[in-house]
Each structure stands twice: as structure tokens, then as C-alpha cells.
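Everything below concerns the one structure shown next.
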Amino acid sequence: RGKLCRRRHVVPRKVVTPGRRYMWRAFGSFAKAWGKVLTEAQRLAWNAAAAKLRSYPRLGQSGRLTGALHFQGINSARARIGRKMLLWPPAKVVFGRNPVAGLTIRYVNGRLRLRLRVTGLVTEDIMVFGQAPCSADRKKWRHGTYLGLLPAPRDGECDITELYEQRFGEPEPGKKVFIRTRQQKDGWEGPVKDCSEVAPPIPVAAAKPGTVEIRSPNAE
């Protein structure tokens, strides 16, 4: 009410996961490589490329990138998908339409399968992100994590069941699953594309041979 107050300072708990530990090591290696691995000509090339770029806007503000930040940004994105470090700046990539059309969750031979529908050729690496199953009334993506690269499509669908369940387990019936995809090439990343679907109820015939599909009411 307009008066000074005193609160106890609480240090946020830092959850150290294998994924975070991996990216911390990778980021540290890029910082060292800028001064100890790259030649002067390579550093000048990264500086020249960065002068044409701006950082992602935050609170309506952005600024010019330095060569070191551009070098670390490109190679951090590549490290996430297991690619080698680039010593020279890559040409900027103009991405086409993301071929991922939506998410389908259905029972196949008594097993819940999560599949992404694709409507075109997969010409770039496509990163797949997911978040833990949540309430069916949630409308937006929130607090997700990287799962892996999009598997090769088969009959117009990419099965991401193993990618998702290794991180979050099988979603319960009635829970909503959010999936985010993003194209990447040479460290450049395209726009994100989100899709979601509600896990269907367990069918009575799920234990019988054959395929049973039950689509939730809001299926795309």
C-alpha cells in the first residue's frame, strides 16, 4: 500500500538435466573456440555476417549481433541436433512451408500412437519439441523441451511415440498433448509450428488384434 516491505530472498531451484548439461558443455566449447580455434580471417567473416543481423526482439527492443554471438548461436543450434561445429558463417537460409500438418493420437493394435501428419517433402532437419500432458482446456504451448529430430515419414505420417514417451510417458486419456516443430538448416532456424490433440479414451477393443481409431472431438 505504498510502503516499503521486506521479503525473504529465495534462490530459484536449478534443475540440472542431462540435456542442459550437454548444452552447457557445448556452449562453453564454442566460447573457447572463438578465441583459440578460429583464425583471424574466420572471425572477421563472422563479424561481417553478424553486422547484417539483429537479435530477436525482447520487450520491443533488439540490437546488432557481434560475430561471437552469431558464431555461438549458429553452432548451439547445430549442437542441439548433433551436428558438427561450423568454422565459417553459413549463408542465410530462406525456409519453405513447414510440411507438418498436425498431430494425430490413436490406438493401433492396442497401443497408443502419436503421429505427425506431413503434407509435403521433408527437405530440412525438423526439430520436435513437446510438453508434458496437460489439461484438455489449455489453449497454448507452454514450457516444452526438445525431443529429437522428426523421424522419416511413412504413408504421410511420422511416428513420434518413442520420442515423446521417453520424456513424458504415455499420455492419459483426456489429457492434451502439445507438439512444436521447427525447421533447421546450417544452424538457421525457421518459424515454430504448434499442434495439439487430446488423448482418446481407451477402447474396449484395444486388446484385440487389428487397428482401432478413436479421434477426439477437436481432432484436426
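The values are calculated or read from the model by the stated rules, or taken from the named source; none is laboratory data. Quick caveat, the model's predicted, so the values are computed rather than measured. Please note: Cβ atoms are built from the backbone with ideal geometry, for glycine as well, and neighbour counts cover all protein chains shown. SASA here: full protein model, heavy atoms, side chains in, ligands and nucleic acids out. Shrake-Rupley method; radii C 1.70, N 1.55, O 1.52, S 1.80 Å.
Scanning region 166-191 for residues that are within 17 Å of residue 120 (Cα to Cα) and open to solvent by less than 40 Å² (accessible area, probe 1.4 Å) yields 181, 183, 184, 190.
Among the residues making up region 88-117, those that are of a type in the set (A, V, I, L, M, F, W, C), more than 17 Å from the chain's Cα centre (by Cα) and open to solvent by less than 60 Å² (accessible area, probe 1.4 Å) are 93, 105, 108, 112.
For region 137-165, taking the residues that are over 19 Å from residue 119 (Cα atoms) and of a type in the set (Val, Ile, Thr), the one that is surrounded by the fewest Cβ atoms within 10 Å (Cβ to Cβ) is identified as 145. Here is a check on your reading of the model: is residue 162 among the charged types (D, E, K, R), assigned to a loop (DSSP other than H, G, I, E, B) and without any contact (Cβ under 8 Å) to a residue 60 or more places away in the chain? In short, no. Of the candidates 136, 152, the single residue that is touching a strand residue (DSSP E or B) at 6+ places or on another chain (Cβ under 6 Å), assigned to a loop (DSSP other than H, G, I, E, B) and not β-branched (Val, Ile, Thr) is 136. Residue count for region 127-148 satisfying the condition of being touching a Leu at 6+ places or on another chain (Cβ under 9 Å) and without any contact (Cβ under 8 Å) to a residue 40 or more places away in the chain: 2. Across region 118-133, the number of residues qualifying as out of contact with any His (no Cβ under 8 Å at 6 or more places or on another chain) and either buried (at least 19 other Cβ atoms within 10 Å of the Cβ) or in a strand (DSSP E or B) (or both) comes to 9. Need pairs with beta-carbon distance below 9 Å; first residue over 30 Å from residue 98 (Cβ atoms) and at pLDDT below 95 and within region 183-209, second aliphatic (A, V, I, L, M) and open to solvent by less than 20 Å² (accessible area, probe 1.4 Å); sequence gap 6+ or separate chains. Close Cβ pairs (under 9 Å, with a partner that is aliphatic (A, V, I, L, M) and open to solvent by less than 20 Å² (accessible area, probe 1.4 Å)) amount to 202/112; 206/112.
Condition test on residue 196, is it open to solvent by 50 Å² or more (accessible area, probe 1.4 Å), touching a strand residue (DSSP E or B) at 6+ places or on another chain (Cβ under 9 Å) and under 27 Å from residue 20 (Cβ atoms)? No.
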